[in-house]
Structures are given as C-alpha cells and as structure tokens.
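Report on one structure; see the data block that follows.
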C-alpha cells in the first residue's frame, strides 16, 4: 500500500508547493505538509524515499516555524530521516562491521578500496581545524553541518547493497526535477512580456522566493542584490533563474541533470554504436527534444561562465577522445562519446534562438538596440567590465588571505572576512567567485590539495564507469557526465554556486551514483 503512494504523494506535493508559491495557500500549511512527508518517509522503503527526495529537490521549501525563523528547508529533515532509517538496518550494520574489521586488520586496504571516503574525512577534519582561528566559529559550524546534512543522501544512495535496477530508476527520475525547473524557466521568460520590472520583483522577490526560501532571503534579493537581470545602459534583460535563488545555481543544476536525459532518450541510437553513421541516423525518443530546451535555458540564464565553459568543453572533448584512443578504449565507447559530444553543436546553434529573446522588449520597456547579447558575449574578455573587475579584485584579496593563512585558512564559512565584510553577507553571495580559491582561503592549501585530489578521483571514476559499461543507459549517463561534470568544474573557477542547496543536493546524488557499485540482483 505504501509503495503505491509514491506517485500520488509526489503529485500532491507538486501541486501543494505550486499553490503555496503563487500565494493561493497560506505558508502555515507547509508545517503540516512536512509532517505528512515525514510520515511517508518513515513508513516507505528507503529506495522509494530516495526517489521521492531526488524528484523533489527543487520543490522543497522553507518551513515557517516562527516569525523569526522561517528558513529551515524541508529537505534537511527528510535527509536525516532517510539516513536514520538506512543506518538502523541489519544490512547496514553488517556492512559497517565488515568494513571496521577490515580497517582494524588492514587499514591500508580500506584507504585503497574507499579513497573517496578517506579524502572526505580528511576534508571534514581540516574544516574543523580551520575553526580554531575562525572569527565566527558558529557560522563555520553551521556550514559544516549544512554540508554534512546534504551528504547524508549521498551515503544512502551509494550503499553497496543498492541494486542495478534502483540505480537505473534513480537516473531516469533525475529528469523529473529538471523538467520542472525548465518549465518554470520558460514561464518566467513569458512573464517578462506581461509585467514591468517592479511587478516582477514583487511577484518573485517579495512573493514566490519569500515563500520558497523565507523572509531573510527575500529581503536580500529585493534590497541587497540579486543576479536576475543583465544590464547594459538602459537595456534590461531577464537572466532566467527558475526556482533557484540566482541565475548561477540554475544552470549548474541543468548541467548535472542533462546526462539523465541522454540515458532516458538515446538508448536506441547508442545500441548502434558499432558505426557512427548508424547512431546518427537512428532516432531516439521524442523526449530528446528536452535536450535543446535545456541548452536554451543554459544560455538564457545569462551566465557568461557557463557560455565560456561550453567553449572549453570543445577542447576537453578533443583531449578526451585523444586519451581514449591512446588507451585503446573500445571503438563503441569512442563512438558513443563522440556522438554525445555532437550535442554541443546544438548548444552553440541555440545562441541564434536566444539572441532575439534577449533583444526583445522585456518588462514592457523597448530596447534601444538589439546588441545586449553581443555586448554580454564581448564582456567575457573585457577586464574593465564591472563584474569581471570585481572578480579580479576578489581573487587578489583571496590570494593575499591564502598567503597569510596557508595552512588552516580564515575558517570555513568565514569568507566575507577576507573582503572585510559582515559574515552574514555569505548568504547574499559574498564569496571568492572561485571554488578553488574559496576552499584554500577558508580551509588552507592542504584542504585545496585534498579537494582537487577528490575531484580527480571523481573524474577518473566517471571515466572508468563509462568505458567499462556495456549497457546503453550507463554509457549514455556516464558519457554525458564526462562532458557536463568538467563543464561545471570549469564554471566553478568563476563562482561557488554549487553550494546552493538545490545544486548541491543534485551534485551529491550524482557523485553517489558515480560511486555506486550496484549488485545485479537486489
């Protein structure tokens, strides 16, 4: 009976959240709906709970507990429940006990067998060490708890007893939240032609985002600053952000979700991998049309780092293909990766579609000319452009801070101190605008080295899973991830938006899928 509730309850949650966000239902009902979700997660299987959780990543909203504390998100409670349900099972304790015995007898084998967990533990201890000299230890501790809370889902997903059937099911279900945020993004673009900028800010800043994230974020978005618009003189254009707090985390979410669409829609073409021509002329599912729409949303986010990352991926694909041929990867896998990389052509072609959209008179204001997109593209290499100039200044201050605090940093969660700002401004986007500099500035150079080593292991594991996979769904997913994951890592040289809860949760789920070694039966 409980198993049959997954889809009806998800539909209820989708409709309920939609009505809350548009103001048709009072926020106070969120507390009761959260109680209903807690009951479901307590009685449903862990795997059904995980499916519901991943589907709902962009739909989890803040719970208005009190007038002064209304930003605790639903996912934080549900992630803990899933973890506790998982850990209190005989199967889990049996696995943990076996691993503990192995560690006591041959600890070097545990490090060799589970390098990811070893490095993550190192990062955890380094983050605690950084708190010793942190100006605000409470804020740093909150950040550690936040990352740990999100990481619980990854632990549960990557449990070795997960079956192949579940992992395939999970991959396909990642498409659902991506479809939801893409549709909201399209609706957002359409809305710009029916309201002025002040109406838009009332609807999204004071309305939808307040109900989604709480009053603190609403105040920041409407009074401190946001990334929702591109400005060039009197010209103004929407940077699509959908259900996200900014236009930076939105495209990261799309990139992490894109491989799931490859896995869902391209199974048939990939079955013809013996010859490239056969793949190109074999039609996938009609749902493949979501892929160009996702690319269009990436462009309309107006995030120049994402645009530049697309160019970088052309060179990355060439290097990857050279490496595959050098290591004598199977011809079928080389063809598949080559085939998937052709979708980058669609990304670049869609700039021609995005151009008239960005040039059109949004917010009921005509534009003096249609060069906004062209100017924004040129600004990528304009070091005098305000945004880039500010980033360069921030990077310089970050390097100075790293020089003064090379071993333990300024303290995790304390980056605004580097810029001489109030630590609370971290919620308003005060960051190094470079995840690698941020890690080094907050936690020291040893943490940066551990972080880079972790990313290298992730890319290596993704590559290994791709070249060793014989099933089209895995070939499509991990082959696609070999393109989109480096894309995200390149973009993170200009931002730290992966720390946004929605992008972070999908990132954790994605890394957990990469880490899994599922049983064939289960």
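Quick notes
- For the stretch 153-188 and the stretch 302-323, distance of Cα centres in Å: 25 Å
- Residue 461 versus residue 312: modelled label distance in nm, points set 7 Å from Cα along the beta carbon direction: 2.2 nm
- Relative to the compact-globule estimate of 2.2 N^0.38 Å, the Cα radius of gyration of the stretch 412-501 comes out at 1.34.
- Look at the alpha carbon pairs under 8 Å that are at least 6 residues apart: their mean separation over the length of the chain gives a relative contact order of 22 percent.
- Paramagnetic label reach from residue 268 (point 7 Å along Cα→Cβ; backbone nitrogen cut-off under 19 Å): within the stretch 310-336, residues 336.
- Segment residue 351-residue 2, extension gain: residue separation times 0.36 nm, minus the distance between their alpha carbons: 121.0 nm
- Take the Cα of residue 223, go 7 Å toward its beta carbon, and the backbone nitrogen atoms of the stretch 68-89 under 18 Å from that spot belong to 68-71.
- Extension gain from residue 72 to residue 36, taking 0.36 nm per residue of separation minus the Cα-Cα distance: 11.3 nm
- Here the ratio of the Cα radius of gyration of the stretch 203-320 to 2.2 N^0.38 Å is 1.38.
- Extending 7 Å from the Cα toward the beta-carbon at both residue 397 and residue 327 defines two label points whose distance is 4.1 nm.
- Cα convex hull of the chain - mean projected area over all directions, nm²: 25.1 nm²
- Remark: 222, 66, 303, 462 ranked as 66, 222, 462, 303, counting other beta-carbon atoms within 10 Å and listing the fewest first.
- Sites residue 421 and residue 288, calculated FRET efficiency, Cβ-Cβ separation with R0 41 Å, nearest 0.05: 0.35
- Residue 65-residue 471 FRET efficiency (beta carbon distance; Förster radius 45 Å; 0.05 resolution): 0.50
- Order of 431, 470, 117 - criterion: other Cβ atoms within 10 Å of each residue's Cβ, fewest first: 470, 117, 431
- Packing-based exposure ordering (other Cβ within 10 Å, fewest first) of 163, 249: 163, 249
- Working note: 222 nm ellipticity from helices only, DSSP H runs with n ≥ 4, each -39,500 (n - 2.57), summed and divided by the residues of the chain, gives -20500 deg cm²/dmol to the nearest 500.
Just so you know, all these numbers are worked out from the coordinates, no wet-lab data involved. Given the structure is predicted, the values throughout are model-derived calculations rather than measurements. Using ideal geometry, Cβ is built from the backbone for each residue, glycine included, and neighbour counts are taken over all protein chains shown.
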